Amino acid sequence: MYGWTGNILRIDLTKKKTVVEQYGTSMASDFLGGRGFAIKILWDELPLGVDPLSPINKLVFAAGPLTGWPLPSSGKLVVAAKSPLTAGYGDGNVGTQAAVQMRRAGYDAIIVDGKAETPTFLLVQDNSTQFLDAKDLWGLSSFETEKKLRSLHGRSSGMLLIGQAGENMVRFANVVCQEGRAGGRPGMGAVMGSKNLKAIVITGSRELPSAHPKEMKELGAEAYKEILSKPSYAFWKRQGTMMTIEWSQENSVLPTYNYREGVFENASEIGGFAMEKIKVSNRGCPQCNMTCGNVVKDSGGGDSELDYENVTMLGSNIGLGDLKEVATLNRMADEFGLDTISLGNVLGFAMEASEKGIIKEKIPWGDFKACQVLVEDITFKRSLGGILANGVRSAAEKIGRGSSRWAMHVKGLEISAYDCHTTPGMALAYATSSIGAHHKDAWIISWEVKTGREGYGVEKVEKVIELQRIRAGIFESLTVCRLPWIEVGFGLEWYPKFLWAATGMEINWETLDTIGDRVFNLIRAFWIREFGEKWSAEMDVPPTRWFEEPTTIGPLKQSKLDRPKYDAMLQTYYEKRGWDMRGIPSMTTFSRLGLADAGKQLGKRIKLST
Ligand code: SF4
């Protein structure tokens, strides 16, 4: 096989055993890698109803066939498991040297099973895997851990690790690397912590097998040049995704005061231009010349890497308009290993509960000091922090008194940084995303604002599906970053060429589309298998707030979503996907995608339409 190494490293922490397993060409060509491999492995191997924080859950790290080559924005891997936050499929991608090193060590994926008896870190060096004592690392922040491991194993080693939030199994703890790059929003860090696994350090020395090495080099060089030549490149390098804050404010979609509003009175204080005044450098993922991480000095003088999502969720969504203070909260989250989106969401929820007087704690909007205390309390599960550490859905269930009305999540995953009072297409994208409410699968909002935001028509449904195919299915399985395409207009036609150079296979877009749909539908099957008869179309509906509580400020004040129109749009989405009225793929859909066995298996759990 070219392109893929053909190897998966299995690690059993309980038995301290490793096995290298070869997988077949059909797994490679049917699922590509990354998310595709992760869902195939979890679907095949996880028994139904596994407690996500038990040793039986499996943590999968998977890269794609382009990872490790000098190709734009290809230094990523996907980390996946059954989610302790949602109880469904969970994953996230992260740009990390570990992705490159894992492939050079000879593996396309690592599966971690079982639970170590005591805190452990793994040292993977080509053929050798050592189980090492992590007692000295346990209790350290992600930054401290990384520093210590780098001093022992060198700067070029790849590292995947957790902070204290992962150790304490905060249900939105993520996996961290490279001081501020993080992934696995739905609690992948908690799964790692539940296994007593503090870190994986990887180094590899092998050549990757390429079908056309000379052409691969030439294509890579041309592609980097192409990105540099794009007109929007220079501004992107200045602001990265931070430029979206001004855009969101202008278009009334900036999440503000726990998604009550779409505009924030202090938006300019936390926007891209404000950030430029305190920016000290750019950071990025390996193999990327778009380096979108904006490093600034926070209010304590530490480095903090900012982007649109973390600034918005820890800024406007909690009413905080001081960028240096936002940067401090962001740095705290990165050090502890907390997902910044879910963190901003649970803080906003708690502030609203405090304002309404249904909790005794005083947490005024924008109160930086109160937030600092609460972030620590969440990490160490103290008092109210212990309730919030289980995520906003669980917190609302525990606190009660109607608080689920302002618990902003879908399927248990906190909504990321777009208010959808005025954007039904984006609401649909959140509601049908493969991990719960996340923007990554189908960022339709900029297209929607340009083409008519008020509609609930078929063209929006088709656009959501098209984006899910490309972003959720293909990019996540190739483990390449979507941003070169979205932000500077790097053409999609490059990817089949990269694949040909790496694998020797002529894979056209039609085939890639089918793979994208296959991956998306198998993830759907995983969710439905877990929920069984409890599954219904209600799972694909965004929070009540957007339907029932109109915005009160800004040019689009008095806006809200229309529930009957949304329900009709959702049914159109199901029809276009080949799913029944409950959102369950039909047997015909499974068969068309080469997933007949998965369909048959799911059919034993819940009745499928033909
Ligand atoms: S654009 Fe940003 S997120 Fe994407 S690969 Fe580059 S640095 Fe990473």
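The values are calculated or read from the model by the stated rules, or taken from the named source; none is laboratory data. Only a predicted model underlies this, so the values are computations on that prediction, with no experimental measurement involved. Note that each Cβ is placed from the backbone with ideal geometry, even for glycine, and that neighbours are counted across all protein chains shown. Only protein heavy atoms, including side chains, enter the accessible area calculation; ligands, DNA and RNA are left aside. Shrake-Rupley method; radii C 1.70, N 1.55, O 1.52, S 1.80 Å.
Structural remarks
- Test: A81 is within 21 Å of the chain's Cα centre (by Cα) and either open to solvent by 10 Å² or more (accessible area, probe 1.4 Å) or within 28 Å of A501 (Cβ to Cβ) (or both): no
- Qualifying residues in the range 32-49 (those that are at positive phi and within 21 Å of the chain's Cα centre (by Cα)) - the one farthest from the ligand (Cβ to nearest atom): L32
- Only one of the numbered conditions (1) open to solvent by 30 Å² or more (accessible area, probe 1.4 Å); (2) outside any helix (DSSP H, G or I) is violated by H439, and that is (1).
- Listed by first and then second residue, the pairs with beta-carbon distance under 6 Å, at least 6 apart or on different chains, first residue in the range 67-83 and within 11 Å of R103 (Cα to Cα) and among the acidic types (D, E), second open to solvent by 10 Å² or more (accessible area, probe 1.4 Å) and in a strand (DSSP E or B), form an empty list.
- Scanning the range 94-138 for residues that are among the acidic types (D, E), open to solvent by 50 Å² or more (accessible area, probe 1.4 Å) and outside any loop (DSSP other than H, G, I, E, B) yields a single hit, D133.
- Only one of the numbered conditions (1) within 20 Å of R471 (Cβ to Cβ); (2) modelled with pLDDT under 95 is violated by G68, and that is (1).
- F490 meets the conditions (1) touching a residue at least 24 places away in the same chain (Cβ under 8 Å); (2) open to solvent by 30 Å² or more (accessible area, probe 1.4 Å) in every case but one. The failed one is (2).
- The listed residue being surrounded by 20 or more Cβ atoms within 10 Å (Cβ to Cβ), within 16 Å of the ligand (Cβ to nearest atom) and part of a helix (DSSP H, G or I), out of I378, I474: I474
- For the range 580-591, a tally of residues being closer than 15 Å to A431 by Cβ and buried (at least 21 other Cβ atoms within 10 Å of the Cβ) returns 1.
- Flag for A134 being more than 16 Å from the ligand (Cβ to nearest atom) and under 18 Å from the mean Cα position of the chain (by Cα): no
- Matching option when the condition is open to solvent by 10 Å² or more (accessible area, probe 1.4 Å), in contact with an Asp or Glu (Cβ under 9 Å, 6 or more places away or on another chain) and closer than 28 Å to V410 by Cβ, among S383, S281, S316: S383
- Residues that are within 16 Å of the ligand (Cβ to nearest atom) and open to solvent by 10 Å² or more (accessible area, probe 1.4 Å) do not occur anywhere in the range 50-67.
- Filter result for E454 (in contact (Cβ under 8 Å) with a residue 12 or more places away in the chain, among the charged types (D, E, K, R) and open to solvent by 10 Å² or more (accessible area, probe 1.4 Å)): yes
- Per the conditions (1) open to solvent by less than 10 Å² (accessible area, probe 1.4 Å); (2) within 21 Å of the chain's Cα centre (by Cα), the sole criterion not satisfied by K460 is (2).
- Residue match in the range 21-31 (condition: over 26 Å from L208 (Cα atoms), in a loop (DSSP other than H, G, I, E, B) and modelled with pLDDT of 95 or more): no
- Listed here are the helices (runs of 4 or more DSSP H) enclosed by the range 141-206 that have at least 1 residues being open to solvent by 10 Å² or more (accessible area, probe 1.4 Å) and in contact (Cβ under 8 Å) with a residue 60 or more places away in the chain: 142-153, 164-167.
- Unique match (being within 21 Å of E179 (Cβ to Cβ) and either of a type outside the set (D, E, K, R) or outside any helix (DSSP H, G or I) (or both)) among G357, G385, G344, G348: G344
- Odd one out for E414 among (1) farther than 25 Å from L254 by Cβ; (2) crowded, with 24+ Cβ neighbours inside 10 Å; (3) acidic (D, E): (1)
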